[in-house]
Ligand code: BTN
């Protein structure tokens, strides 16, 4: 039997971090951890404060999409106060931390699809959302939101059933949410502390991208652009070589791999 009682004590007790997860606010049920994290950050919550929900009723994803997080999955947000120069690396470090933690707990081999979807067997198992408030050259706060499908059965949800998967489904066993969360918090802190060497985070993220060297479609706003994903730069933008030979730099979008 896998211990899976997501609770304050189970997450925070003897957690080997200096600050990430040293304050955890746990809600059995919540609209979105992002909203609570924003309020907490505006009131000056300690860096590393984690908001975690057993279940979210209004989870949100990138580009105003809905994020499904019924009970039994992971939905958390982490409050940070990084230097403005570190902002582009937050998404990269969050992706890497998820990949490393999922590998450590399950032995599965997740991949990163640009910019920050975590895939297993070509299907999405985790989404990452970062939000920040920046004034001039100063970051008021940054929030990393992470949703990981642990027990979600994609077949139960028409809107995601061909595109999503979960750790239970992929591993064929019951994965412990608490184990994944604790690994994740330790790993996020470890990588966060290496941010002064942002280069190594960028390189490790780039090397994990399943997107590079592939023919892809990118939906960016109302545009769909097709081409070869050539490279990513240090800010996280994707360089796409179009069929006519021209090159386009894409800062945000949704990628579909043409040849899986
Ligand atoms: C995406 O892939 O579009 C990003 C999904 C991010 C979901 C997480 S779950 C925890 C946090 N709270 C939210 O409402 N969203 C993020």
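The values are calculated or read from the model by the stated rules, or taken from the named source; none is laboratory data. Remember, predicted model here, so these are calculated numbers, not experimental data. Using ideal geometry, Cβ is built from the backbone for each residue, glycine included, and neighbour counts are taken over all protein chains shown.
So which of 108, 119 ends up being over 20 Å from residue 237 (Cα atoms) and either within 12 Å of the ligand (Cβ to nearest atom) or surrounded by fewer than 21 Cβ atoms within 10 Å (Cβ to Cβ) (or both)? Lay out the reasoning, then the answer.
On the way: 119 fails: over 20 Å from residue 237 (Cα atoms).
Going through 108, 119 in turn, just one is over 20 Å from residue 237 (Cα atoms) and either within 12 Å of the ligand (Cβ to nearest atom) or surrounded by fewer than 21 Cβ atoms within 10 Å (Cβ to Cβ) (or both): 108.
Can you tell me which residue within the stretch 130-150, out of those that are within 9 Å of the ligand (Cβ to nearest atom) and closer than 25 Å to residue 171 by Cα, is nearest to the chain's Cα centre (by Cα)?
Only one residue tops the list, namely 146.
All but one of (1) more than 27 Å from residue 10 (Cα to Cα); (2) crowded, with 23+ Cβ neighbours inside 10 Å hold for residue 133; which doesn't?
Here residue 133 clears every test but (2).
If you go through the stretch 56-82, how many residues are assigned to a loop (DSSP other than H, G, I, E, B), over 15 Å from the mean Cα position of the chain (by Cα) and closer than 22 Å to residue 179 by Cα?
Residues in the stretch 56-82 being assigned to a loop (DSSP other than H, G, I, E, B), over 15 Å from the mean Cα position of the chain (by Cα) and closer than 22 Å to residue 179 by Cα: 3 in total.
What are the residues in the stretch 129-155 that are within 30 Å of residue 179 (Cβ to Cβ) and without any contact (Cβ under 8 Å) to a residue 60 or more places away in the chain, if any?
Answer for the stretch 129-155, where residues must be within 30 Å of residue 179 (Cβ to Cβ) and without any contact (Cβ under 8 Å) to a residue 60 or more places away in the chain: 130, 132, 153, 154, 155.
Give the residue that is surrounded by the most Cβ atoms within 10 Å (Cβ to Cβ), with candidates limited to residues of the stretch 64-80 that are more than 7 Å from the ligand (Cβ to nearest atom) and closer than 19 Å to residue 94 by Cα.
78
Take the stretch 1-29 and flag every residue that is within 16 Å of the ligand (Cβ to nearest atom), more than 18 Å from the chain's Cα centre (by Cα) and either under 24 Å from residue 140 (Cα atoms) or without any contact (Cβ under 8 Å) to a residue 12 or more places away in the chain (or both).
Of everything in the stretch 1-29, those that are within 16 Å of the ligand (Cβ to nearest atom), more than 18 Å from the chain's Cα centre (by Cα) and either under 24 Å from residue 140 (Cα atoms) or without any contact (Cβ under 8 Å) to a residue 12 or more places away in the chain (or both) turn out to be 24, 25, 26.
Quick test for you: out of 41, 37, pick the one residue that is away from the ligand (no atom under 13 Å from the Cβ), within 24 Å of residue 187 (Cβ to Cβ), more than 15 Å from the chain's Cα centre (by Cα) and touching a residue at least 40 places away in the same chain (Cβ under 8 Å).
It is 41.
Among (1) more than 19 Å from residue 95 (Cα to Cα); (2) modelled with pLDDT of 95 or more; (3) surrounded by fewer than 20 Cβ atoms within 10 Å (Cβ to Cβ), which single condition is residue 141 missing?
Single failed check for residue 141: (3).
Which residues, counting only those in the stretch 231-251, are surrounded by 14 or more Cβ atoms within 10 Å (Cβ to Cβ) and under 24 Å from the mean Cα position of the chain (by Cα)?
Scanning the stretch 231-251 gives 231, 232, 234, 236, 237, 238, 239, 240, 250.
Please determine, by comparing only the residues of the stretch 44-53 that are over 17 Å from the mean Cα position of the chain (by Cα) and at negative phi, which one is nearest to the ligand (Cβ to nearest atom).
Within the stretch 44-53, the match that is nearest to the ligand (Cβ to nearest atom) is 45.
Kindly establish whether residue 153 is more than 13 Å from the ligand (Cβ to nearest atom), surrounded by fewer than 20 Cβ atoms within 10 Å (Cβ to Cβ), more than 14 Å from the chain's Cα centre (by Cα) and modelled with pLDDT under 95. Give the derivation first.
Working: more than 13 Å from the ligand (Cβ to nearest atom): yes; surrounded by fewer than 20 Cβ atoms within 10 Å (Cβ to Cβ): yes; more than 14 Å from the chain's Cα centre (by Cα): yes; modelled with pLDDT under 95: yes.
Spelling it out, residue 153 is indeed more than 13 Å from the ligand (Cβ to nearest atom), surrounded by fewer than 20 Cβ atoms within 10 Å (Cβ to Cβ), more than 14 Å from the chain's Cα centre (by Cα) and modelled with pLDDT under 95.
What residue, of 85, 95, is buried (at least 18 other Cβ atoms within 10 Å of the Cβ) and outside any strand (DSSP E or B)?
95
Among the listed residues 162, 256, 248, which satisfies the condition of being at pLDDT below 95 and in a loop (DSSP other than H, G, I, E, B)?
162
Would you be able to tell me the number of residues in the stretch 205-226 that are closer than 26 Å to residue 96 by Cβ and either in a loop (DSSP other than H, G, I, E, B) or more than 18 Å from the chain's Cα centre (by Cα) (or both)?
Looking only at that region, the number is 11.
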